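Below is one structure, written out as C-alpha cells; comments come after it.
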Amino acid sequence: MAEPSREYSTVSKVVGPIIVVDDVEGIGYSEVVEITMPSGEKRLGQVLETQSTRAIVQVFGGTRDLDTDITSVRFSGEIMKIPLSGEILGRIFNGIAHPLDGGGPVIPEEMRDIYGLPINPYAREHPRDSIETGISAIDGMNTLVRGQKLPIFSGAGLPHNLLAAQITRQAKVLGQEEDFAVVFAAMGITHEEAAFFLRDFRSTGALERAVLFLNLADDPAIERIITPRLALTTAEFLAFEKDMHVLVILTDLTNYCESLREIAAAREEVPGRRGYPGYMYTDLAGIYERAGRIAGKKGSITQLPILTMPDDDITHPVPDLTGYITEGQIVLSRDLHRKGIYPPINVLPCLSRLMQGGIGEGRTREDHADVNNQLYSAYAQGIKIKNLVAVIGEEGLSDTDRQYLAFTERFETEFIAQGQYEDRSFHRTLDIAWELLSILPQSELKRIDTRFVAKYHPAHGRHQA
Amino acid sequence: MTSQAGVIIRVTGPVVLASGLRGARMFEIVKVGRQELIGEIITLEEDVATIQVYEETAGIVPGEAVLRTGESLSVELGPGLLGNIYDGIQRPLREINVLWADFISRGATLPALSEAKKWEFDPKVKEGDQVSGGDTLGVVQESTTISHKIMVPPGISGRIHMIASAGTYTIRETIATVRNGDRVFDLTMVQRWPVRSARPVKEKLDPQKPLITGQRIIDTLFPITKGGTAAIPGPFGSGKTVVQHQLAKWADADIIVFIGCGERGNEMADVLTEFPTLEDPKTGEPLMNRMILIANTSNMPVAAREASVYTGITIAEYFRDMGYDVALMADSTSRWAEAMREISGRLEEMPGEEGYPAYLGSRLADFYERAGRVLVCGSGKETGSISVIGAVSPPGGDFSEPVTQNTLRIVKVFWALDSDLAYRRHFPAINWLLSYSLYGEEVGRWWTENIGPEWVAYRKEMMLLLQKENELEEIVKLVGPEVLPEEDKLVLFKAETIRESYLAQYAFHPHDTYTGAGRQYRMMAMLFDFFTLADRALEHNITTEQIRNLPVKTALARMGSVPKDMEETEFAGIKTAMAAQFKELGV
Ligand SMILES: Nc1ncnc2c1ncn2[C@@H]1O[C@H](COP(=O)(O)OP(=O)(O)OP(=O)(O)O)[C@@H](O)[C@H]1O
Ligand SMILES: [Mg+2]
C-alpha cells in the first residue's frame, strides 16, 4: 500500500463505534487511521471496509464527542504495528500500547503487524513438555503442557484470578531452568483485579519479566479488539526471536467478544448465535492459535485465557467457541466454591488434549495415564451415586456404592482442595490419588494396569519413587 | 490466459468486489491487486464480480487491478501426492516452510508436485493401442505398496501415437501422445482437474464390504462400508478428532485423505509427528506413505478453508479412479459450513437458518455424493471406492442445528458423541442409543462368511442388552438398584461388562488402539461365554453381586490391551479362570 498519509474531514455517518468517511480515494483495507476530534483529542481507528470513494472505520477510542463537521480523519497508509524490543520486559501499557508506567516509548528493534501470520502447520512442533503447576486438579487430571492453550472457564465471583496467579507463581518444567516471561492482557477487568495481579507479580519478582497491556473496565471497549493482539505479537517476538518460554494470560475473553458483537451490530451484520457475529470462531482462532512451539526454536507460547461464562452456561457462544479452538479447558464450579473448596475445579468437564504426550514414564510417572483414567471413572461413578442418593436415600446402596461415595467425598476435599500457596509435586499428587483409590475394592480398578496396582497400591507396600 | 483486467471497487475481509469483468466465468480464478493474491469469482452481476480471496487482504486498495486467468480452481494430480501436506488450495506446506519461513506469508506460491523429482515410469500400453479416459498408460511405483497408475485424463480418447519407454521422467515431460483424428494430445504424468466438479465414473455400485476400522464399537455396532458415508457430530472435546485419527491410522483403506478444515495447528503437527512412526498393520509400511494431508487450520484464510474439502475429495477421486479404496476424513465439516456462512454474510445474501446460506444443504449433499463404490472409467472392470467420514461440530453440542440436520439427511452412518461419556472418560464416547448404521445387513453377511457364524446374533444381543439397561436405569433412578429382581440386576451387570470390556477402547494404549476383526469376534465370544455361565449361576441361586465380585471381571476388562502375540495364551487363561471361578460358586 505505502500510500502517503491523507487527511479528510468528510465523516458522513456515525453509528456506535463506527464512522463512514466519504469522498476518499485509495484507502487500503485494514489501514490504521488517526481521528482528530473537535476538541483536538486524537483517537485510533482501523478500516473495516473500503470502497472506491468511501471507507468504513472502527474507532477504538469510541465515537463519543465525534461530529460530522470538524472531525478529521488521517489515513496512515500502514497496517497496525507495535514497536518491540528485548527491553520491553517489565513494561506496563494501556490497551493500545501507550506506556502507563511513565517510561518513554519503546525504542523498536522491530515493528510488527499485530495480526501476525499463521504458523505453518508443518513448522509446528507437537508440544510435549509437561508443566508442573503444583495443583493436583490440573497436574493429575489435566496436565498442562508447554505451548498449549488452556483456558479457564469461570463464572462471576469465582476465584479464577487466584488460580491464574497461583499457576503463574508455581509453574515450572522439571529439570529445566530457562528464560521465561509473562505477557498479561487485561480486557475490561476492574482496577481491583488488575491491582491484584500487579501485586502478585511484584511480590514474586515476575513483574520484571512481564509485559502488561491493561484495558480496564472504564477504558474504551472497542480497544479490546486489539489488546490481545498486541499481547500475542509481543509474546511471539519474545518466544521466537528471544528464545523465551512465554506464559500469556488473557482476561476476560467474554469482554472481548462483547466488543466484537458491538461492532457487528453497528454494521448491521447478520447475527449468528445470541447476536455474536458469525465469524467469531475465525476471529477467536486468530487469537488462540497464536500459541505453540516451532520446530528448531527454543521458545514457546503457552496461553492461559480466562473467560466468565454468562449464567455459568458452558454452551454460551463464548465458552463454546473457545472450547472448540483451545486444547482443553479448566472449568470452575459454583457448587464446589460454595462448599469452600479451593480451587473449585470441576474436573469432569475439564480436559487437557495435550496431556497424553506430556505424561508417563520419563515425564511425570509411568502410572499417570492409568491413574488419571481411573480417577475420572471413579469420580463420575461417585457423582452418579450421589445424585441417586438424593432421590432414594442411602438405604438402597450396595457396599461398593458406599465406597464410591466415600471416595468421592475425599477426592473433593483432599485431592482437588489445596492451599493457595501449596505446591504439590507430580509424585505427591499421584500418591494422594492412590491413597484415595485404595478406598475402592481392587477389582474396581479396571483401568489400571496390574503392574501399577502391584507397584503403587498402598495395600502392596507403598513404592516411593 | 486472458489479459482483460478488472478494477477493485470494494474490500471487506476476504471478499473483494471488482468491476469491468464482463465475460469472466463463475468460479474462475483471478489475481487480485498489486500482490496478485489468488481469488475465485463466486458471484457475477453485470460486469461486477464478487471474489473470495484465498489470502489475507489487508492493504488492498480500491483501484488496483484484478487479472483473469481463464481457469477454475484446480488441483494437480500425479506422482508425489502421497505423504504430502497441502493447504486448502493445494499449496505444499512442507516446501513453503523450507523456502520461506515458519509463518505463512502472502504470495507464497509453489507447484503442488515436485517438478524436479524423477519417477520410474513403467509403460503398460503400446503404440497403436486404442485408449480412453481412465485407461492406464503406465505405472509409477510410488511406495512399496502403492503403484500410482498414470491414467488417460477423463475426456481424452484415441490411439497411442507415442509412449515413453521404461525409464525416469519428471512430471513435466511428455510420456505419451494420443491421436484422435487430427487432434493430438501430449500427456504427462500429471492431470489438472477443477475441484468443484466430480470426476466421472462408469457406474455407481452399492457398497458391500465393511471398512474395518479396528474400533470395536464402530465395526461391531455401527459399521461403515467401503464407499459409505458417516457423520460424527459431538460437542467440543467429545472425541471427533481422535476417532478420525484412529480411522486414518487403522482403517483398511488403501489411501487416506485427511482434511483438517478450520481446526487446530497442533493436531496437524500431531499427525505429522506420529504417522510416520506407525506401521500399516496390513503392509508394514509407514502409515504416512498412504496418506495425503490437507491442512487449512482455523487461523488460515477462511476462503481457502471453504475450498479445502473440494481439494481433498478431488484427490480422493483421483486415487479411486486407479481402483483403490480411499477413505476421506473431513475435520470439521462445520468449519467448512461456517466459511460458507462467513463469505455469504459478506455478500449480504439472504440468510437461511442461523445465518447459513440457503444452499447449505445442497452443498453438503453434493460433497457426500462424491463418495461411493464405483466402476471406474477405462476399459477394465475395476472398482474403486471413497468412504467419507465427516466430523460435525454443533454449537453447544445441540444436534438440532442446521449443519447436523442437513448432514443426517444424507449420510448412512451416524456416530453421535456424548459429553457425559467423555466426562467420565468412556471413549470412544459414541452414544450407543442414539447412533445408527444403515449398513448392518450388508456388513453382517461379510462377517458371517469371513469371520464367524455367530456375529449377527452377538451383535443383536449386545444392542438388546444395552437397550434394556437404559430402560432399567430409568427405574433405578426412582427406586434404587437393590429392589430390582436378580434377573434385571444381571442384565445391568452384563450391559456394564459390554460397555467397559468391549465398547470402551483407549486410543492411546499401544494394543487397545486397534482390534482386528478376528480378535473382535473372539472378545465377543468370550463375553457371551461369560454371560452363559452367569445365567446358569443365577439358576443356581447365585446372586449378581457374587458374580460381580469374581476376579475374572478385571481380566475381561483388559482383553483389548493384551498384546497380539500373547492373545492366545492370555485368552485361554481367561477361559480357564472363568470356568474355575464359576465352578467355585457351584456352577
Ligand atoms: N478413543 C479415545 N481414547 C482415549 N482418549 C480419547 C479418545 N477419544 C477422545 N479422547 C480424549 O478426548 C480428548 C478430546 O478428543 P478430540 O480432540 O477428538 O475432541 P473433538 O470432539 O475433536 O473436539 P473439538 O470439536 O474441540 O475438536 C482427547 O484429547 C483425548 O484426551
Ligand atoms: Mg476435533
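Things worth noting here:
- Against the conditions (1) farther than 24 Å from B:Ala330 by Cα; (2) at pLDDT 95 or above; (3) crowded, with 17+ Cβ neighbours inside 10 Å, B:Val413 satisfies every one except (1).
- Selection status of B:Thr554, part of a helix (DSSP H, G or I) and either within 14 Å of chain A (Cβ to nearest Cβ) or buried (at least 16 other Cβ atoms within 10 Å of the Cβ) (or both): yes
- Pairs, first over 21 Å from B:Ala304 (Cβ atoms) in the stretch B:4-25, second in a strand (DSSP E or B) and modelled with pLDDT under 90, C-beta under 9 Å, six or more apart: B:Gly20/B:Ala5; B:Leu21/B:Ala5
- Test: residue in the stretch B:200-218 that is within 16 Å of ligand 1 (Cβ to nearest atom), modelled with pLDDT of 95 or more and in a strand (DSSP E or B): no
- The residues of the stretch B:358-393 that are within 14 Å of chain A (Cβ to nearest Cβ) and within 16 Å of ligand 1 (Cβ to nearest atom), listed by number, are B:Ala391, B:Val392, B:Ser393.
- Verdict on B:Pro210 being buried (at least 21 other Cβ atoms within 10 Å of the Cβ) and within 16 Å of ligand 2 (Cβ to nearest atom): no
- Members of the stretch A:112-139 found to be closer than 30 Å to A:Gly419 by Cα and either more than 8 Å from chain B (Cβ to nearest Cβ) or polar (S, T, N, Q) (or both), listed by number: A:Arg128, A:Asp129, A:Ser130, A:Ile131, A:Glu132, A:Thr133, A:Gly134, A:Ile135, A:Ser136, A:Ala137, A:Ile138, A:Asp139
- Looking only at the stretch B:236-263, and only at residues there that are more than 7 Å from ligand 1 (Cβ to nearest atom) and in a loop (DSSP other than H, G, I, E, B), the one that is farthest from the chain's Cα centre (by Cα): B:Gly262
- Restricting B:Lys477, B:Lys494, B:Lys489 to residues that are within 11 Å of chain A (Cβ to nearest Cβ), part of a helix (DSSP H, G or I) and buried (at least 18 other Cβ atoms within 10 Å of the Cβ) narrows the list to B:Lys489.
- Long-range neighbours under 6 Å by Cβ, at least six apart or interchain, first residue within 14 Å of chain A (Cβ to nearest Cβ) within the stretch B:262-291, second of a type outside the set (Ser, Thr, Tyr) and in a loop (DSSP other than H, G, I, E, B): B:Gly265/A:Glu289; B:Ala269/A:His126; B:Asp270/A:His126; B:Thr273/A:His126; B:Met288/B:Gly83
- Of everything in the stretch B:23-73 that is charged (D, E, K, R) and part of a strand (DSSP E or B), the residue that is farthest from the chain's Cα centre (by Cα) is B:Glu45.
- Per-region count, the stretch A:217-275, residues of a type in the set (Gly, Ala, Ser) and crowded, with 20+ Cβ neighbours inside 10 Å: 7
- Residue match in the stretch A:356-367 (condition: closer than 30 Å to A:Val248 by Cα, touching a Pro at 6+ places or on another chain (Cβ under 6 Å) and within 16 Å of ligand 1 (Cβ to nearest atom)): no
- Among residues of the stretch A:389-408, those that are in a helix (DSSP H, G or I) and in contact (Cβ under 8 Å) with a residue 12 or more places away in the chain, counted: 9
- Residue in the stretch B:345-357 that is among the basic types (Lys, Arg), within 11 Å of chain A (Cβ to nearest Cβ) and in contact with a Gly (Cβ under 8 Å, 6 or more places away or on another chain) present: yes
- Check on A:Phe196, in a helix (DSSP H, G or I), more than 20 Å from A:Leu117 (Cα to Cα) and in the same structural domain as A:His98 (by TED's automatic domain parsing): yes
- Test: B:Gly88 is within 21 Å of B:Pro194 (Cα to Cα) and under 25 Å from the mean Cα position of the chain (by Cα): yes
- Residue match in the stretch A:326-342 (condition: within 8 Å of chain B (Cβ to nearest Cβ), surrounded by fewer than 23 Cβ atoms within 10 Å (Cβ to Cβ), within 16 Å of ligand 2 (Cβ to nearest atom) and not in a loop (DSSP other than H, G, I, E, B)): yes
- Residues in the stretch B:320-339 that are within 10 Å of chain A (Cβ to nearest Cβ) and either outside any loop (DSSP other than H, G, I, E, B) or under 30 Å from B:Lys149 (Cα atoms) (or both): 4 in all.
- Scanning the stretch A:10-37 for residues that are in a loop (DSSP other than H, G, I, E, B), of a type in the set (D, E, K, R) and in contact with a Gly (Cβ under 9 Å, 6 or more places away or on another chain) returns a single hit, A:Glu25.
- Total residues in the stretch B:225-235, condition away from chain A (no Cβ under 14 Å) and near ligand 1 (Cβ under 10 Å from one of its atoms): 1
- Those residues of the stretch A:36-86 which are under 28 Å from the mean Cα position of the chain (by Cα) and within 14 Å of chain B (Cβ to nearest Cβ), in sequence order: A:Gln46, A:Val47, A:Leu48, A:Gln58, A:Ile79, A:Met80, A:Lys81
- B:Val443 passes every criterion in (1) more than 15 Å from ligand 1 (Cβ to nearest atom); (2) surrounded by fewer than 20 Cβ atoms within 10 Å (Cβ to Cβ) apart from (2).
- Annotation: of all residues in the stretch B:264-294 being within 15 Å of ligand 1 (Cβ to nearest atom) and of a type in the set (Gly, Ala, Ser), the one that is modelled with the highest pLDDT is B:Gly265.
- Of everything in the stretch A:77-89 that is in a loop (DSSP other than H, G, I, E, B) and at pLDDT 95 or above, the residue that is farthest from A:Arg365 (Cα to Cα) is A:Ser85.
- Complete set of residues in the stretch A:275-311 that are over 22 Å from the mean Cα position of the chain (by Cα) and part of a helix (DSSP H, G or I): A:Gly275
- The combined condition, being touching a Gly at 6+ places or on another chain (Cβ under 6 Å), not polar (S, T, N, Q) and not in a loop (DSSP other than H, G, I, E, B), is not fulfilled by A:Arg74.
- Single residue of A:Gly61, A:Gly40 found to be crowded, with 19+ Cβ neighbours inside 10 Å, part of a loop (DSSP other than H, G, I, E, B) and either of a type in the set (S, T, N, Q) or at pLDDT below 95 (or both): A:Gly61
- Taking the criterion of being more than 16 Å from ligand 2 (Cβ to nearest atom) and either outside any loop (DSSP other than H, G, I, E, B) or not charged (D, E, K, R) (or both), the residues of the stretch B:220-235 that qualify are B:Thr220, B:Leu221, B:Phe222, B:Pro223, B:Ile224, B:Thr225, B:Gly227, B:Gly228, B:Thr229.
The values are calculated or read from the model by the stated rules, or taken from the named source; none is laboratory data. Note that this is a predicted model, so its numbers are computed, not measured. Please note: Cβ atoms are built from the backbone with ideal geometry, for glycine as well, and neighbour counts cover all protein chains shown.
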